[in-house]
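Only one structure is covered here, and it is reproduced in the block below.
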Amino acid sequence: RKGPMYFSTWISHLKDQKRTIVHRVPNLHARWSNQSLFSKLLTGAKIVSFPIVHRIHQHLPALLGTTASASSGASPAEGDSSGDNNNSVQAQAHDHQSVMEAFYQTQKEGYDAFRENMLHARPLMMTYFPILKPDPVTGKGRMVWVDVGGGTARNLEYLNPTDVRKHFARIVIVDISPSLLSIAEKRIKELGLDDIVETHCCDFTRLDDSDLRRLPKNGTADVVTLSYSLSMIPDKQAAVRNSVNLLKEKGEGFLLLADFVQRGKRHTSMPIYKRLVRRLETAFHVWWFKQDNVHLLSAPDTRLVTSRMETQWDWRFRGSVPFLPFMRPYHGVLVAHTR
């Protein structure tokens, strides 16, 4: 929509507010960022070649004339469709976890350094991370934060350890990859935050009783973040539902989403020929990222959040991909609070 743009400045007295402003650390710690150009190229090669290598690994038994051993355990009774369906869902979940672990286990050491210049929406998401003041009575941190798909715990480094200790009571890093969480545990220990931050390996879309015992109780979390993780989760509806369930109600809980998206916000206002070019570009981006099990978020995907929560901020922009200057996919940041 064409027309004038109006800018304004809002001034708020923080003394009487529940939330405050803390300094953000913009750069990755040298311990994780000091990777040579060769190391970054090697990590990029692993990412690009993974679909081919994985398919070869899948079909290798057939090529060699061998078959996979049958899984143990009793099969459902003949004609029991519910048992068949349940086994099928469990098999799909297990397969997803296996694929994710195979993808990350060979690149975990170079994961952060390579993606630091690729995941452009993450710093913005952490900039708008709402921070509660310490408890006015005890002076201790009281925030509960669940980082879904938090991987290596990179998001922790956007805050000074002293600020984490001052404002947070508990932080849980959830991921489906044990390899990435092994890096997270090293980072947490080096930051001296292992008494506040914990990791938990699980499929967040299929939480069982043991998972629920490890996570904060529903309705008790202040913030849930999904940083470039929702695009890699097959059951996005379950991921969003479980995230929202964890949050405090009545505007006290915040969900922060940073991820790849299919389109910008002004797509429909473009001339027809530009829209056609944009659709072709989007189709290529969708295909390219899909090879590594990254499914760029569509409008229905983001509506899973906005239909259940109140949107505070929704921003889209383009970002580069390391070593591929022709690739500039869209990134999005979505900040929403409970109703």
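Please treat every number below as a calculation from the coordinates, not as lab data. All values derive from a computational prediction rather than experimental measurement. Glycine also receives a Cβ, built like all others from the backbone with ideal geometry; neighbour counts cover every protein chain displayed.
Overview of results
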{"item": "Fraction of beta bridges assigned by DSSP in region 81-239 that are antiparallel (%, nearest 5)", "result": "0"}
{"item": "Cα-based radius of gyration of region 113-169 once divided by 2.2 N^0.38 Å, which approximates compact folds", "result": "1.27"}
{"item": "Karplus-derived HN-Hα couplings along region 15-22 (A = 6.51, B = -1.76, C = 1.60, θ = phi - 60°), whole Hz, x at Gly and Pro", "result": "4, 9, 9, 6, 10, 9, 10, 10"}
{"item": "Residue-span extension gain [S98 to R339] - 0.36 nm each, minus C-alpha spacing", "result": "83.1 nm"}
{"item": "13 Å beta-carbon shell around K140, net charge (K/R +1, D/E -1)", "result": "+3"}
{"item": "E252 paired with R308, simple spin-label distance in nm, labels 7 Å along Cα-to-beta-carbon", "result": "1.9"}
{"item": "Simple label model, 7 Å out from Cα along Cβ direction - V22 to D195, nm", "result": "1.6"}
{"item": "Amide proton proximity set for G219, modelled H, under 5 Å, gap of 5+", "result": "L246, L247"}
{"item": "Under Karplus coefficients 6.51, -1.76 and 1.60, residue-wise ³J(HN,Hα) of region 325-335 in Hz, glycine/proline x", "result": "x, 7, 9, 9, x, 7, 10, x, 10, 10, 10"}
{"item": "Unsatisfied cross-links (Cα-Cα over 28 Å) in the set K18/K217; K166/K248; K166/K186; K108/K274; K108/K166; K140/K217", "result": "K108/K274; K108/K166"}
{"item": "HN-Hα J in Hz across region 289-303 - Karplus 6.51, -1.76, 1.60, θ = phi - 60°, x for Gly and Pro", "result": "6, 4, 4, 9, 6, 9, 10, 3, 5, 9, 4, x, 5, 5, 5"}
{"item": "Calculated Rg and Dmax of region 125-225 using C-alpha coordinates, Å", "result": "13.2, 40"}
{"item": "Percent of beta bridges antiparallel (DSSP, region 182-339, rounded to nearest 5)", "result": "70"}
{"item": "At R0 = 25 Å, FRET efficiency that the Cβ-Cβ distance of L280 and Y128 yields, to 0.05", "result": "0.15"}
